[in-house]
1. Give me a count of the residues in region 175-193 that are assigned to a helix (DSSP H, G or I), hydroxyl-bearing (S, T, Y) and more than 20 Å from the chain's Cα centre (by Cα).
2. Can you name every one of the helices (runs of 4 or more DSSP H) wholly within region 251-363 that holds 3 or more residues which are open to solvent by 30 Å² or more (accessible area, probe 1.4 Å)?
3. Taking region 57-100 as the region of interest, how many residues are within 30 Å of the chain's Cα centre (by Cα), farther than 14 Å from R5 by Cβ and among the hydroxyl-bearing types (S, T, Y)?
4. Just the residues that are assigned to a strand (DSSP E or B) and open to solvent by 50 Å² or more (accessible area, probe 1.4 Å), please, taken from region 20-44.
5. Give me a count of the residues in region 151-169 that are at pLDDT 95 or above, in a loop (DSSP other than H, G, I, E, B) and not acidic (D, E).
6. Taking D87 as meeting all but one of (1) modelled with pLDDT under 90; (2) open to solvent by 20 Å² or more (accessible area, probe 1.4 Å); (3) more than 30 Å from M207 (Cα to Cα), write down the number of the exception.
7. Please pick out the residue among A332, A340, A315, A311 that is without any contact (Cβ under 8 Å) to a residue 60 or more places away in the chain and of a type outside the set (F, W, Y).
8. Return the pairs, sorted by first residue and then second, in which the second residue is in a helix (DSSP H, G or I) and open to solvent by 30 Å² or more (accessible area, probe 1.4 Å), the first residue lies in region 249-277 and is under 15 Å from K47 (Cβ atoms) and without any contact (Cβ under 8 Å) to a residue 60 or more places away in the chain, the beta carbons are less than 7 Å apart, and the residues are 6+ apart or on different chains.
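The values are calculated or read from the model by the stated rules, or taken from the named source; none is laboratory data. This is a predicted model, so every value here is computed, not measured. Here the Cβ positions follow ideal geometry from the backbone for every residue, glycine too, while neighbour counts run over all protein chains shown. Ligands, DNA and RNA are stripped out before the accessible areas are found, and what is left, the full protein with its side chains, is counted by its heavy atoms. Shrake-Rupley method; radii C 1.70, N 1.55, O 1.52, S 1.80 Å.
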Amino acid sequence: MSDQRIVPIVMPKWGLSMKEGKVTGWLLEDGSRINPGDAILEVETDKIAGAVEAHESGVLRRRVGEPDTVYPVKSLLGVIADPSVPDEEIDQFVASYVTPSTDDDEEDQGPKYEFVDTSSGQIRYAKRGSGDDTVVLIHGFGGDLDGWLFNIDALGEAATVYALDLPGHGQSTKSLANPSLATMTSALSEFMEKLGISSAHLVGHSMGGAIAMHLASDDPQRVDSLTLICPAGLGKEIGGYVDAFVGAQGRKDLKPVLEQLFADKSLVSRQLVDDVLKYKRLDGVEPLLKDLAASLFAGQTQQDQPGEKLAGGDAPPTLVIWGRQDEVIPSAHAENLPGAKVVIFDDAGHMVYMEKASDVNTLIKQHIGG
């Protein structure tokens with residue numbers, strides 16, 4: 001084979017537990033010119049559906065993955081190559097491709113999750129990358145670190161990235177004395193101290209954005225920059241999502257609530273609903289969520305406005321990302337932090353970092369890189 005590059009398109013690994021995915025359809029035809037970031041085909045997992053995006057430029061020379069077919073992670077789905085590469089070499093590449101084993105990679109990566117003891121209980125976290133910059137990903141109300149499945153590995157290419165389950169969430173301890181924004185912020189601060197993180201670029205979604213702003217205003221030396229994704233804490237208004245999420249008791253109630261998070265409602269899979277239900281039914285979760293919701297969002301009003309203090313002082317470099325179709329927190333709140341760079345995606349909702357993962361990852365990398 002010549003030294004001309006042939007780039008495989010493979011089944012991605014979205015999240016630590018993903019083993020396989022189903023090709024639901026191709027978005028491009030053979031012969032299409034491809035640039036980095038272009039969506040090539042759509043894949044569905046038991047968690048969520050998404051588009052496989054190009055990391056290299058070239059021409060789509062061969063579509064291998066068949067629609068409605070399930071393939072293991074890293075299976076060959078297609079081939080990108082320069083037009084000058086002969087068809088015979090493409091044929092040889094496809095015929096000789098061997099799907100790598102994922103077992104070796106998992107051993108190299110070490111534990112999928114780690115835990116650290118804090119005064120708020122045991123905190124679960126994941127770590128990726130080894131770059132000089134440190135990034136901490138902070139999820140929103142009712143979420144967990146697995147929500148960053150489209151982001152953590154991509155950001156780990158440019159930085160050392162930590163994602164944690166906040167107290168009461170995910171697999172962290174399901175109890176929290178005095179649930180409040182201040183308490184959650186203290187838990188984040190102690191988490192960073194326990195892991196020797198003197199300062200970090202904070203990326204916060206929704207409630208996680210308010211926590212990030214609170215730490216930036218209380219202890220600015222700990223925050224190198226802020227990326228706020230559909231954040232709470234920049235305005236009073238909030239939709240009925242939180243109360244509906246806390247009150248939902250079954251699949252029938254919960255599915256339409258979770259659909260409020262996405263512009264594309266089809267992204268709310270049965271498995272996603274079942275996973276959230278399983279979490280909500282764990283001992284201690286329901287009363288904790290009720291108390292936290294009452295503290296932060298009583299009367300469908302945001303009780304804490306950490307953005308006001310930042311707006312009136314020396315805020316760190318700040319990037320605000322929003323989905324214009326956000327049904328939880330109005331995207332107009334992005335205007336309430338003067339000096340921040342604001343990017344709003346018209347065709348995304350509250351989970352813009354999942355719906356527009358490649359674009360959001362690029363923005364974050366550019367932001368932390370200065």
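1. Of the residues in that region, 3 qualify.
2. 251-259, 270-280, 285-297, 306-311
3. Final tally of qualifying residues: 4.
4. Listed by number, the residues that qualify are E20, K22, T24, R33, E42, E44.
5. Counting residues in region 151-169 that are at pLDDT 95 or above, in a loop (DSSP other than H, G, I, E, B) and not acidic (D, E) gives 5.
6. Failing condition for D87: (1).
7. On inspection, the qualifying residue turns out to be A311.
8. From residues that are under 15 Å from K47 (Cβ atoms) and without any contact (Cβ under 8 Å) to a residue 60 or more places away in the chain, the pairs are L258/L272; V268/K255; V268/E259; V273/R251; V273/K255; L277/R251.
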